[in-house]
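The block underneath contains the structure these notes are about, expressed in structure tokens.
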Amino acid sequence: MLDAAITFLADEVNAHLRKRGVLVQPEDMVLPSMLVNDKGEWILPEQKIGLMLINIEEERVLREQLPERVYLDGAHVVLQPELRLNLTILFAARFAANTQGYRKALNFLSHVLTFFQSHPTFSTDSNPGLDSHIAKLNVELISPSPEQLNQTWAYLGSKYLPSAMYRVRMVTLQDIEPAATGTTVTTIVSEVNVR
């Protein structure tokens, strides 16, 4: 599900850039990608925007506590509650390290920001490209402090790029392996004790 959510968001931004006429080449501008390798060398090509998952947190406020009981293939099945996640994602624009490249990075980043400002919610009803296992995604901008931003780029292992950070609520994961199974009740026998 994580890969489906990230790929979907990248595809939607790329479609928006094409629709606006900003993206004229056939290849995508936004790539779901790590930014750097373990040596701190850029993996993300120049002239691209990287979309990277940087944190996963459990949504505890809306967490179900009790297992779900369903009827599946002739048996009662107990499934553990869904795991509901909030993702922190980062759009980072890597362009040439000169004035023109910096302006291009800011221009493309502006389009990313306006896209999510006008499309904060995605659902399977209105977005057929969204994986059917994901009911809804809500995307909201995060405004980190300079210290938080410094820490983020330090643990990513690279130098700062013009970027925007978002929280994506809620990706739900559900394992289909049952925690317990039971047989179906088909008859009821009642005994009457007469004294």
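Taken over the stretch 79-106, the criterion of being polar (S, T, N, Q) and touching a residue at least 24 places away in the same chain (Cβ under 8 Å) is satisfied by 80, 86, 88. Across the stretch 159-172, which residue is farthest from the chain's Cα centre (by Cα) among those that are hydroxyl-bearing (Ser, Thr, Tyr) and buried (at least 19 other Cβ atoms within 10 Å of the Cβ)? Among them, the one singled out is 163.
Only strands (runs of 3 or more DSSP E) whose full extent lies in the stretch 4-77 are considered here, and the ones with at least 1 residues that are surrounded by fewer than 13 Cβ atoms within 10 Å (Cβ to Cβ) and at pLDDT below 90 are 48-58, 68-72. The requirement of being under 26 Å from residue 40 (Cβ atoms), part of a strand (DSSP E or B) and touching a helix residue (DSSP H, G or I) at 6+ places or on another chain (Cβ under 8 Å) is satisfied by residue 90. The selection criterion, being at pLDDT below 80 and closer than 29 Å to residue 81 by Cβ, holds for residue 175. Could you grab me the full set of residues in the stretch 93-152 that are aliphatic (A, V, I, L, M) and either within 14 Å of residue 49 (Cβ to Cβ) or part of a loop (DSSP other than H, G, I, E, B) (or both)? Scanning the stretch 93-152 gives 93, 96, 97, 105, 106, 109, 112, 113, 130, 134, 135. Every residue in the stretch 92-139 that is closer than 19 Å to residue 158 by Cβ, exposed (fewer than 14 other Cβ atoms within 10 Å of the Cβ) and at pLDDT below 95, please. Of everything in the stretch 92-139, those that are closer than 19 Å to residue 158 by Cβ, exposed (fewer than 14 other Cβ atoms within 10 Å of the Cβ) and at pLDDT below 95 turn out to be 96, 97, 98.
All conditions but one from (1) under 24 Å from residue 39 (Cα atoms); (2) surrounded by 17 or more Cβ atoms within 10 Å (Cβ to Cβ) apply to residue 151; the one that does not is (2).
Between 165, 170, the distinction of being modelled with pLDDT under 90 and not in a loop (DSSP other than H, G, I, E, B) belongs to 170 only.
The values are calculated or read from the model by the stated rules, or taken from the named source; none is laboratory data. All values reported here derive from a predicted model rather than from experimental measurement. All Cβ positions, glycine included, derive from the backbone under ideal geometry; neighbour counts span all protein chains shown.
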